[in-house]
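Here is the structure we will look at, set down as structure tokens.
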Amino acid sequence: MNKYNAPKFKAALLAPRYWGTLTIIGIMYLLSLLPFHTQLTLGRGVGRIAMRLMKKRQVTIRRNLDLCFPDMDEQEREKILKDNIDNTGIALFETAMAWFWSDRRVNKHVTIEGMEHIEALEKQGKGALMLAVHSMNLELGARAFGIKKSGTGVYRPNNNPCFDYFQYQGRSRSNRTLIDRKNVKGMFEALNTGQRVWYAPDHDYGVRRSTFAPLFAVSKACTTTGTSLLVDQTDCAIVPFTMVRGEDGHYTLTISAPVDGFPKNDPDQAAVFVNKIVEKSILASPSQYMWLHRRFKTRPQGEMCLYKPCLAPAM
């Protein structure tokens, strides 16, 4: 059997060992039925409680902000931190929205700008690498886009087969498909046939297929060279997009025009180029970005770890 097949429902997923997972999925569904602004209020509360229980995550958020914005006023960084904690809790509800809301309800709360860029590429039969970042509302953004235009998401299957099944079902709504992040051949095929592939190159994925490039004030951020691989092999367009929740709670998904000047056949310079796009996307709403992961954990050989305690040694 192809290891990249979509997960199928099996009776074994109803076994007692998965009852906890099934309960979580059931709660997510029930919460998604609540009024929207009630979900936002509950989400903020959940975020604040979670960060009190997981204080190391709060330390990581603060450290990332210090590293990226050393010249920013400390009070401003603390404001971003506080809002980011709230948005971390809201993200749990936004995932439930993405998985369980009807198309009508998603469309009510999300406005999409720049769809003409996608339609122009469609007419050319040109594949598009939809360059995203790990914002807190990435699940809802992908769902909103998928309602309008089919696309292919790149994802990491969950180790829990029961949760993975529901994750796949939730993410593949609206005529979208998913590709395992290890299935590079599948990404090539999708882009070469004029499809759209959702891709987020902003995390630290380790030294394999990576290089070091500037990201904000960090001069050497471990950056995947996967973007280069996909663009060089398929000649696809690179289309950045961002999803931002406004102060009124309404979301705006902005699709930018395809970028020009991508350094082909030069992974190092391409990483610098891509990180500039990542920076712009994050700055669209810094408090809604996923700062709680250790973005700069991988260091060049001989350089000190940027986090304490240093759980991951420098390479």
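Of note:
- Cβ-Cβ distances below 7 Å connect the following pairs, each with a first residue in segment 270-284 that is over 14 Å from Met243 (Cβ atoms) and touching a residue at least 60 places away in the same chain (Cβ under 8 Å), a second residue that is acidic (Asp, Glu) and not in a helix (DSSP H, G or I), and a separation of six or more residues or different chains: Val278/Asp202.
- Qualifying positions in segment 48-76 - buried (at least 18 other Cβ atoms within 10 Å of the Cβ), modelled with pLDDT of 95 or more and not polar (S, T, N, Q): Ile61, Leu65, Cys68
- Residue within segment 84-106 that is touching a strand residue (DSSP E or B) at 6+ places or on another chain (Cβ under 7 Å), of a type outside the set (S, T, N, Q) and surrounded by fewer than 18 Cβ atoms within 10 Å (Cβ to Cβ) present: no
- Cβ-Cβ under 7 Å pairs, at least 6 apart or on other chains, segment 94-121 side small (Gly, Ala, Ser), far side surrounded by fewer than 18 Cβ atoms within 10 Å (Cβ to Cβ) and in a loop (DSSP other than H, G, I, E, B): Gly114/Ser256
- Candidate set from segment 220-235 (those that are outside any helix (DSSP H, G or I) and in contact with a strand residue (DSSP E or B) (Cβ under 8 Å, 6 or more places away or on another chain)); member that is surrounded by the most Cβ atoms within 10 Å (Cβ to Cβ): Thr223
- Of the residues in segment 178-196, at least one is surrounded by fewer than 23 Cβ atoms within 10 Å (Cβ to Cβ), among the β-branched types (Val, Ile, Thr), touching a Leu at 6+ places or on another chain (Cβ under 8 Å) and in a helix (DSSP H, G or I).
- Residue pairs meeting the criteria (Cβ under 7 Å; at least 6 apart or on separate chains; first free of Cβ contacts under 8 Å to residues at least 40 places away in the same chain, in segment 203-218; second of a type in the set (S, T, N, Q)): Tyr205/Thr224; Arg209/Thr224; Arg209/Thr225
- Test set (1) within 16 Å of Ala132 (Cα to Cα); (2) touching a Phe, Trp or Tyr at 6+ places or on another chain (Cβ under 7 Å); (3) not acidic (Asp, Glu) - Gly249 fails condition number: (1)
- Boolean, Leu191 is closer than 14 Å to Ile255 by Cα, in contact with a Cys (Cβ under 9 Å, 6 or more places away or on another chain) and at pLDDT 90 or above: no
- Residues satisfying the stated conditions in segment 29-46, i.e. in contact with a Leu (Cβ under 8 Å, 6 or more places away or on another chain) and in contact (Cβ under 8 Å) with a residue 24 or more places away in the chain: Leu31, Gln39, Leu42, Gly43, Val46
- Filter result for Gln39 (at pLDDT below 95, over 25 Å from Pro161 (Cβ atoms) and surrounded by 17 or more Cβ atoms within 10 Å (Cβ to Cβ)): no
- Of all positions in segment 267-279, none carries a residue that is outside any helix (DSSP H, G or I) and either in contact with a Leu (Cβ under 7 Å, 6 or more places away or on another chain) or surrounded by fewer than 17 Cβ atoms within 10 Å (Cβ to Cβ) (or both).
- Residues that are under 30 Å from Val239 (Cα atoms), hydrophobic (A, V, I, L, M, F, W, C) and modelled with pLDDT under 95, drawn from segment 266-315: Leu292
- Answer residue from segment 106-126, given it is of a type in the set (Gly, Ala, Ser) and at pLDDT 95 or above and is nearest to Gly47 (Cα to Cα) among those: Gly114
- Residue tally, condition closer than 14 Å to His109 by Cβ and either under 17 Å from the mean Cα position of the chain (by Cα) or assigned to a strand (DSSP E or B) (or both), over segment 242-258: 6
The values are calculated or read from the model by the stated rules, or taken from the named source; none is laboratory data. Given the structure is predicted, the values throughout are model-derived calculations rather than measurements. Because the Cβ atoms are built from the backbone with ideal geometry, glycine has one as well, and the counts that use them run over all protein chains shown.
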